[in-house]
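The values are calculated or read from the model by the stated rules, or taken from the named source; none is laboratory data. This one's a predicted model, so the numbers in the text were calculated from it and none came from an experiment. Quick reminder, even Gly has a Cβ in these numbers, built from the backbone with ideal geometry, and neighbours come from all protein chains shown. Just so you know, the surface numbers come from the protein's heavy atoms only, side chains and all, with ligands and any DNA or RNA stripped out. Shrake-Rupley method; radii C 1.70, N 1.55, O 1.52, S 1.80 Å.
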Amino acid sequence: MIAVSRLFSDDFLSSDGAPGRLRRELAPGAVHLPDWLTLEQQRWIVGQFHNWVAGPVPIRAAKVRGHEMSVRTVCLGWHWQPYTYTREATDVNGNRVLDFPDWMVRLGRKALVESSDDSSAGDDYTPDTALVNYYDETARMGMHQDRDERSRAPVVSLSIGDSCVFRFGNTENRNRPYEDVELASGDLFVFGGPSRLAYHGITRVHPGSAPDGCGLGAGRINITMRVTGLG
Ligand code: MD3
Ligand code: FE
């Protein structure tokens, strides 16, 4: 078993990705870094995911205006339910959610540094919640904004497993203009600045597209770290 400090140390960083999968700023503050996590890091995170889904608050489909989402979500640090964050999962079993792990704070800071090439970009960043989404091959996420957080600090997104089509929209409404981007296993996306309030969604998952060795047999995991701005 590798030590977590070494797993996420600089010498485990992967390269810039294959041609056609290049680092790109889609819009001010929206930076895509393909293949940011190594397969070993992905497998280790999937191992953590297996612990998270079992509880104290099991993974569940959140209900939005009476309808269950097709995506299932388990939270760390703070529990999200539309349209609020609480320490206890009052819509599930009333249990307190797991603590936000220190390694994920460090990984979030590293993501800000490496998406900006500013070595101090992560210094003031302390994410305190993560929404961990699981998509089976039929799951989707409709166009929405993330505005339940009081803070407008960046969101850090990590994808593992099957690739998907991510729709990145504008800040005005859920319609065009938007851009469709393929998100694959190991990809990092950071959404800060003016992109923090952009509409976005997942229009489809590509079954069977996960790379061998990522640790996930089927479906897709997405982790989004955020700063709630709550005490
Ligand atoms: C842009 N998750 O959990 S990650 C969500 O793949 C969510 O599970 C999607 O949208 C997923 O709310 C998309 C990319 C993402 C996440 C948060 C954002 C893009 C964002 C917040 C602001 C702007
Ligand atoms: Fe979102």
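Subtracting the Cα-Cα distance of Asp91 and Val4 from 0.36 nm times their residue separation leaves 28.1 nm of extension gain. Of Val53, Val190, the residue with the largest accessible area leads and the full order is Val53, Val190 (1.4 Å probe). Kirkwood hydrodynamic radius of the range 182-231, from the reciprocal of the average inverse Cα-Cα distance over all distinct pairs: 13.5 Å.
Dipole of the range 7-127 computed with +1 at Lys/Arg Cβ and -1 at Asp/Glu Cβ about the Cα centre; of Ser120, Gln81, Trp44, farthest Cα towards the positive end is Gln81. In the chain, carbon and sulfur make up what percent of the accessible area (probe 1.4 Å)? Whole-percent figure for carbon plus sulfur exposure: 49. With the cut-off at under 20 Å, measuring from each backbone N in the range 191-231 to a point 7 Å along the Cα-to-Cβ line of Arg140 picks out 199-209, 219-222. Only the Cβ atoms of Lys and Arg (+1) and of Asp and Glu (-1) were treated as charged; on that basis the dipole of the chain about its Cα centre amounts to roughly 720 debye. In this simple spin-label approximation, His206 and Asp118 carry label points 7 Å from Cα along the Cα→Cβ vector, and these lie 3.3 nm apart.
Over the range 45-165, the hull volume per residue, using the convex hull of the C-alpha atoms, is 125 Å³.
From the residues Thr90, Phe191, Gly219, which one has its Cα farthest along the dipole of the chain in the positive direction, the dipole being from +1 and -1 charges on Cβ of Lys/Arg and Asp/Glu about the Cα centre? The residue sitting most towards the positive pole is Thr90. Comparing the range 24-226 with the 2.2 N^0.38 Å rule of thumb, its C-alpha radius of gyration ratio is 0.95 (two decimals). The residues of the range 24-226 expose on average 43 square angstrom of accessible surface per residue, using a 1.4 Å probe on protein heavy atoms.
Which distance in Å, rounded to a whole number, links the C-alpha centroids of the range 201-228 and the range 50-71? What the calculation gives is 16 Å, centre to centre.
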